[in-house]
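The structure appears below as structure tokens.
What follows draws every value from the coordinates through simple rules; no lab data is involved. The model shown is predicted, which means the values in this text are computed figures rather than measured ones. Note: ideal-geometry Cβ built from the backbone for every residue, glycine included; neighbour counts use all protein chains shown.
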Amino acid sequence: MDARLDLFTNPVLGKFIKHLNTAARGALDAGVPLATLELVELRVSQINGCAYCVDMHSKDLAHHGETTVRINLVATWREATVYTEAERAALALAEAGTRIADAAGGVPDDVWLNAAKHYDEEQLGALVAAIAGINTWNRLNVITQQPAGDYVPGQWG
């Protein structure tokens, strides 16, 4: 499959991606474990059907030492026993924040309050930024049909 557009040579998208990447860096400094952020990004990408991001985040998780069990079970995290309560709260927030059209009121209060039990305000901001950011990346990749399978861990930083 060939991509519809090259995200990095298109002048408009190139500028947009530069700003998107700059904005995303802030989420890494808030104290949310990298594995949690990657699990959130993998789960959101699964929901959105973004093959490129599923490929990238599953490979990055493995590269950072995450087990195949935790990577493979993230789509069924509610039934899996391998996630902490904090990770579950982050995954619930990620799902609710991704499926906002499915709930008339957006993210339910109970999902937010559960996340707030595990993360401070700065960390909640990082999670919201990560969820918004990966949803944006998913849409860029799905709309332009970016092919998956060739990602090399760490290739984007």
Mean ellipticity per residue at 222 nm, deg cm²/dmol - from DSSP H runs of n ≥ 4 across the chain, formula -39500 (n - 2.57): -19500 deg cm²/dmol
Checked against the positive end of the charge dipole of the chain (+1 on Cβ of Lys and Arg, -1 on Cβ of Asp and Glu, about the Cα centre), the farthest of Pro33, Gln155, Gln145 is Gln145
Calculate the spin-label point distance for Val152 paired with Arg25, positioning each point 7 Å from the Cα along the beta-carbon direction, and give it in nanometres. 2.3 nm
Segment 1-64: C-alpha gyration tensor shape, a/c 1.5 cut-off, then a/b vs b/c: oblate
Which log10 I(q)/I(0) values does the chain give at q = 0.10, 0.12, 0.16, 0.20 Å⁻¹ under the Debye formula, counting every alpha carbon as one identical point scatterer? -0.35, -0.51, -0.91, -1.40
Selection of GluC sites (Glu not before Pro), segment 32-136, meeting DSSP coil and at most 14 other Cβ within 10 Å: Glu79
Euclidean distance of C-alpha centroids, segment 91-116 and segment 7-25, integer Å: 27 Å
Please identify the helices of the chain, taking whole runs of DSSP H, that span at least 24 Å along their own axis as judged from the Cα atoms and have a mean Kyte-Doolittle score of 0.5 or higher. 121-143
Normalised contact order of the chain, rounded percent, pairs of Cα under 8 Å and 6 or more residues apart: 39 percent
Restricting to aspartates and glutamates and to Cα separations under 15 Å from Lys117, and discarding same-chain partners fewer than 8 apart, the set is Glu85, Glu87, Asp109
Neighbour net charge for Ala94 - beta-carbon separation under 9 angstrom, K R +1, D E -1: -1
Between Arg78 and Ala101, what's the calculated FRET efficiency when r is the beta-carbon distance and R0 is 22 Å? Round to 0.05. 0.60
